[in-house]
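Input: a single structure, listed below in structure tokens.
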Amino acid sequence: MIPKINHSWNLTESEARLLQLELAAKLIMEDQLNEIHLVAGVDVAYMKHSDKLVAAAVILDANTLEVIETVTAEDHVQFPYIPGLFSFRELPPLIKVFSKINHTPDLIVCDGQGYAHPRRFGLACHLGVIFDAPVIGCGKTRLLGEHKQPDTERGAVAPLFDNGEVIGNVLRTQNGINPIYVSIGHRISLTTACEWILKLSPKYRMPETTRQADQAVRLALKKIN
């Protein structure tokens, strides 16, 4: 996979914010999906006391959740730690990873926010727009917004609001377990995104895409150390 949109990553903070607003205008927030056979999970992990990081993409069979392919890539941090601009740190190594995969996913799940972002353009949106791919943002924690707690049973949903706008859903993936935060990345509706996250989370709080990608980056970090 190669990006359909290429832009400079050597940007100032103000330039990055302006680029987010420009690219956010390209977001597609409705279902534009082909038949989904392969689903990817992506994650990025940072080495302590170093500027090195590791990115991973894990490709799963969408029906069985069997891991089909795991690819990792090492890189160096190229952008400072600025809240709301994480995609400028994490996308360069993820682009490296996607250039190495042999199986093109039909859907990508990010361990991070999509539309639930101050400028409505988190990592999942940025990834989706530059690759023109269906992407879901799925975070363990809330970046912004307000919500009521969803009911305690698996599948319960509560809308996540910011300034009166629904920017995502708070989704309970397992009975009695803390919910997660789901938002649109690109080319998928919020309803369909939640349906897929539930399907990808048969046993645990986080979807298998995220769990497998997290394991992949942790293993890669251990090998570096």
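Which of rounded, prolate, oblate describes the stretch 61-124, given a ≥ b ≥ c as roots of the alpha-carbon gyration tensor eigenvalues and a/c under 1.5 marking rounded, otherwise prolate only if a/b is larger than b/c?
oblate
As an exercise, identify the GluC sites (Glu not before Pro) in the stretch 121-224 lying in DSSP coil whose Cβ has no more than 15 other Cβ atoms within 10 Å.
E153
Within 14 Å, Cβ to Cβ, of D106, how many net charges do the neighbouring residues add up to if Lys/Arg are +1 and Asp/Glu are -1?
-3
Quick check: the distance between the Cα centres of the stretch 99-162 and the stretch 1-57, to the nearest angstrom?
Between the Cα centres of the stretch 99-162 and the stretch 1-57 lies a distance of 12 Å.
Using DSSP to define loop residues, name the GluC sites (Glu not before Pro) in the stretch 45-91 whose beta-carbon has at most 13 other beta-carbon atoms within 10 Å.
Here the GluC sites (Glu not before Pro) that fit, given the DSSP loop and packing criteria, are E66.
Connecting C-alpha atoms closer than 10 Å in a GNM of the chain, tell me which of K199, K48, K140 has the biggest fluctuation.
K48
Lys and Arg at +1, Asp and Glu at -1: add these up for the other residues within a Cβ distance under 13 Å of R205 and post the number.
Neighbourhood net charge equals +2.
Relative contact order for the stretch 28-224: what is it in percent, counting Cα pairs under 8 Å that are at least 6 residues apart?
Answer for the stretch 28-224 is 24 percent.
Pick out, in residue order, every one of the trypsin sites (Lys or Arg not before Pro) in the stretch 69-123 that is DSSP loop and has at most 12 other C-beta atoms within 10 Å; say none if there are none.
Here the trypsin sites (Lys or Arg not before Pro) that fit, given the DSSP loop and packing criteria, are K100.
Of the listed values (1) -0.71, -0.83, -1.23, -1.32; (2) -0.45, -0.65, -1.54, -1.69; (3) -0.40, -0.59, -1.38, -1.52, grab the one calculated as log10 I(q)/I(0) by the Debye sum over Cα atoms at q = 0.10, 0.12, 0.18, 0.19 Å⁻¹ from the structure here.
The calculated read-out lines up with (3).
Can you give the local net charge around G145? Use residues other than it whose beta-carbon is closer than 12 angstrom to its beta-carbon, Lys and Arg +1, Asp and Glu -1.
Net local charge, G145 excluded: 0.
All of the numbers you see were taken from the coordinates with simple rules; none came from a lab. In this text the structure is predicted, and so the values were computed from the model without any measurement. Here the Cβ is made from the backbone with ideal geometry for all residues, glycine too, and neighbour counts use every protein chain on show.
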